[in-house]
Amino acid sequence: MLSEELAQIDLNALQALVMVNDCRSFSEASERLGVNQSTISYSIKRLRKAFNDPMFVRQGNSILSTDKCRQLAQEARDVLERMQALSSLQGFDPATSTGSVTISCNHHERMFLMPAFVRQVQRHAPQVTVNIFESAVHGKQQLKENICDIVLGPVAIFGDIYYRRKLFTDRYACIMDSSHPLAAGELTMDRYRKTRHIAVTHNGQWEALYFAALRAIDVRITPSVIVPSHDNLEALIQGTELVATIPYRLARRLSDKLTLKPFPLEVLIQIDMYWTERSHYSGLHAWTRQLLAEVAATI
């Protein structure tokens, strides 16, 4: 049974928490929500009491979210999105709905999300058209210009008009030819640093997250081969001493023909879903986003 304090928490309080967490400002949060700052303060006070946590602490002229606050804000965001989706879905019937949805993503997401997602759409909404675009590094621009409805990927898109939902996480792994010297024994950072690398850069416009992580520990690598996408890594690696550092799920797909080794550094890859106000309240798009989240939860 819920405690008395927790039972008094409503959706308005959760919305206030998410907004203050995003804005890092009580005054800006109150402006965006169109309420008095005292209303925001009262909501946060109730949350502090209910969860026995300060939620926000002051540092200089700004405020910082506590660990529990960040965790609660993500959960609250998901709850609010589900409530909004349920509200939007009134009268929406996938079986008879028509229209289209355009999703922009890259190889990683096309490999692991799109197949199951498309099957579900075909089964439950057969008259809906799904357009899948290449995102590369242009996802934010595509959303802003209404070229696509949803962007998927390990990207950070900021701005008042964008909504975000976490889908899944991955980590890096290394793949190489089975005859590669690194295929035997532990792949240490020293051995990794000294080998030859092949890197994906989307035509030189993008850098994978592991490069920054390596620089943070003063390790710098210069790829011997640079390619625009992950599409033909297997053919390029076989018979060479090249090592590719790619998401683990992609590497696992190639592990029957190439040797897979753990990347010698823990680097999280978070795949998020972004959309804008334009499609936020659409029944079709709300259903699509929920379906993508459900598919992501199974991979």
* Taking only Cα atoms, what is the 0 to 90° angle, nearest 10, from helix 37-51's long axis to the longest principal axis of the chain? -> 70 degrees
* First measure r as the distance between the Cβ atoms of Q127 and A297, then evaluate 1/(1 + (r/R0)^6) with R0 = 25 Å and state the FRET efficiency to the nearest 0.05. => 0.45
* Please say if region 103-176 is rounded, prolate or oblate, where rounded means a/c under 1.5 for a ≥ b ≥ c the square roots of the C-alpha gyration tensor eigenvalues, and otherwise the choice is prolate for a/b larger than b/c and oblate otherwise? => oblate
* Between [x] 1.03; [y] 0.99; [z] 0.96, which matches Rg/Rh (Cα atoms, Kirkwood Rh) calculated for the structure shown? -> [x]
* **Estimated FRET transfer efficiency (S38, S97; beta-carbon r; R0 41 Å; 0.05)** => 0.40
* Structure fact -> Tilt, helix 283-296 to longest principal axis of the chain (alpha-carbon atoms), in degrees rounded to tens, equals 50 degrees
* Hey, with R₀ at 51 Å, roughly what FRET efficiency would K49 and L209 work out to, going by the Cβ-Cβ distance, to 0.05? -> 0.85
* Return one number: the angle in degrees, 0 to 90 and rounded to the nearest 10, between the long axis of the Cα atoms of helix 114-124 and the longest principal axis of the Cα atoms of the chain. => 50 degrees
* Structure fact -> Once the dipole of region 74-158 is set up from charges on Cβ (+1 Lys and Arg, -1 Asp and Glu), the residue from the list T129, F92, I147 lying farthest towards its positive end is T129
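222 nm [θ] for the chain, helices only, -39500 (n - 2.57) per DSSP H run of 4+, per residue, to 500? Don't skip to the end; give the middle numbers.
On the way: 14 runs with 128 residues, N = 299.
Here the helix-only value at 222 nm equals -12000 deg cm²/dmol.
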* To do: Principal axes first, then extents: for the Cα atoms of region 4-88, list largest minus smallest coordinate on each axis, whole Å, largest first.
  => 41, 28, 21
* Ranked by how many other beta carbons lie within 10 Å on average, peptides 117-124, 257-264, 56-63 from highest -> 257-264, 117-124, 56-63
* Could you tell me the largest-minus-smallest coordinate of the C-alpha atoms of region 170-267 on each of the three principal axes, in descending order and whole angstroms? => 31, 29, 25
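Over the chain, what is the percentage of antiparallel beta bridges among all DSSP beta bridges, to the nearest 5?
Counting only bridges with both partners in the chain, antiparallel ones make up about 60 percent.
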* To do: Starting from the Cα of Q74, step 7 Å along the direction of its Cβ; do the same at T240; then give the gap between the two resulting points in nm.
  => 3.6 nm
* To do: Within 10 Å, count the other beta carbons around each residue, average over each peptide in 8-17, 155-164, 233-242, and list them highest first.
  => 8-17, 233-242, 155-164
* Asked: Just how far, in whole angstrom, is region 94-150 from region 180-199 if you go by their alpha carbon centroids?
  -> 37 Å
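Rule-based calculations on the coordinates, nothing more; no lab input. For clarity, every value in this text was computed on a predicted model and none was experimentally measured. When we count neighbours, we look across all protein chains shown, and the Cβ atoms used for this are built from the backbone with ideal geometry, even at glycine.
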